[in-house]
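My structure is below; once you've seen it, I'll send some questions.
Derivation of every value follows stated rules applied to the coordinates shown; laboratory data play no part. Computed from a predicted model, the values in this text were never measured in an experiment. Glycine gets a Cβ as well: all are built from the backbone with ideal geometry, and neighbour counts include every protein chain shown.
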Amino acid sequence: MATGRTVKKHTEVYMGGFDITGYSMDIGDLGMVFAEAEGTAFNDAVIGAYNDQGDVQIGPLNGIFDNTATIGLHIVAKDAGVKRDVMVPIGIRAAAAEGDPVFSATVPQLAYQAQPTAGNLVAVNIPFGNWALDAITLLYAQVWGDLAHEKSAETGVNSAVAVIDGAAQTALGGYMMYQVFTSNGTVAIKIQDSSVNSDGNFGDLATSGDVDASAAPKSGIIALGKTATVERYIRWQIALNTATTVTFALAFVRGR
C-alpha cells in the first residue's frame, strides 16, 4: 500500500461483480454531501447550521458503448431502474492494491443513455441516485473505506497479517462490499479483525455466506450493527466450499 497523490488512470470501476474499468472514461464526483439544517435566531451574529442527512455523490458514469457478449458495458448496464453495488478502488500511483482507498455504495441506476457523437466512439451515460432505500447500509453516512482485497484470484485461506490498520478498536460498526468476478463453485468471502496483527488472532467479523459466481458474477454488501465492535486490524478471508478458486475484490468501510 502506497500513500500520497495519484492520477486517474489508476481508478477502477466494478459494478455487480463486473469489472467495467476498461469501458469507463469518467465516474463523476464520489463522496457524501450533507444537507444543511439552519437554525439561526434573531440575535445570532451569524447564520448557524448543523449537518443533516447525507447525500451519496456518484456519477454519472461516462463510458464506451460495447455489446461484447456477457461483459460489454451495454450488456451489463443497459437495463436501468435497478439497484447496483458499485465499487471504485483508487490505486496510489499504481494498480489498486490492498489498503488503498475505495468508494462503495449500493445505489439505483437511474438511466442508460447511448450518445452517438460524430468524430467519437459511441458513448454511454449512466446516472446513479442516492442510497437505495432498501440498502442495509442506511445506518452509515460513509462511502469511503479500505480495499481489503484487490481484484485477483485466490485458491486458499489467508494466513498473512493485515495491511489495514485502523489505529485503534472502534465501536461504531461498519460494512463490507464484495465483488466476485468468477469462481468455480461456492465460496464465502469474509472480513476478519483482530486486536493483534498475527494470523492466529483473527476472527470473522462479516461474511457473505456462500456465493457461486461460476455462471455469473455476484456482488453484495453486508452491514454490521451501528454499535458493533471492530478491532484495530482488518484482513480478507475466504472459506472455499465447492470452489477451488475465486477471483474477487473486497472493501471494508469502518464506522466513524
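Find how much the distance from residue 216 to residue 38 grows on full extension, using 0.36 nm per residue of separation minus their present alpha carbon separation; answer in nm with one decimal.
Values: separation 178, 0.36 × 178 = 64.08 nm, distance 4.79 nm.
Length difference between fully extended and current span is 59.3 nm.
Let me ask you something else. Give, in nm to one decimal, the length gained when the segment between residue 199 and residue 133 is fully stretched (0.36 nm per residue of separation minus the Cα-Cα distance). Don't skip to the answer; put the middle values down first.
Details: separation 66, 0.36 × 66 = 23.76 nm, distance 3.79 nm.
Answer, rounded to one decimal: 20.0 nm.
Given the options 80, 253, 10, identify the residue whose Cα lies farthest towards the positive end of the charge dipole of the chain (+1 on Cβ of Lys, Arg; -1 on Cβ of Asp, Glu).
The residue sitting farthest along the positive end of the dipole is 10.
For the pairs 190/226; 151/218; 8/83, note any where the Cα-Cα span goes beyond 23 Å. Working shown, then result.
Working: 190/226 19 Å; 151/218 14 Å; 8/83 26 Å.
Those over the limit are 8/83.
Please state the charge dipole magnitude for segment 196-237, taken about the Cα centre, from unit charges on C-beta atoms (+1 on K and R, -1 on D and E), reported in debye and rounded to the nearest 20.
So the magnitude is around 220 debye.
Testing the spin-label approximation: label points 7 Å from Cα along Cα→Cβ at residue 67 and residue 245. State their distance in nm.
3.2 nm
In whole Å, what are the Cα extents of the chain along the three principal axes, biggest one first?
66, 54, 36
Here's another thing I want to ask about it. Please give the charge dipole size of the chain, origin at the Cα centre, charges +1 on K and R Cβ atoms and -1 on D and E Cβ atoms. Round to the nearest 20 debye.
Working: 15 positive and 25 negative charges, 70 e Å.
That gives a dipole near 340 debye.
Note down the nm distance, to one decimal, between modelled labels 7 Å out along Cα→Cβ at residue 121 and at residue 152.
2.7 nm
Place a point 7 Å from Cα of residue 229 in the direction of its Cβ. Which residues in segment 146-166 have their backbone N less than 17 Å from it?
Of the residues in segment 146-166, 166 have backbone N under 17 Å from the label point off residue 229.
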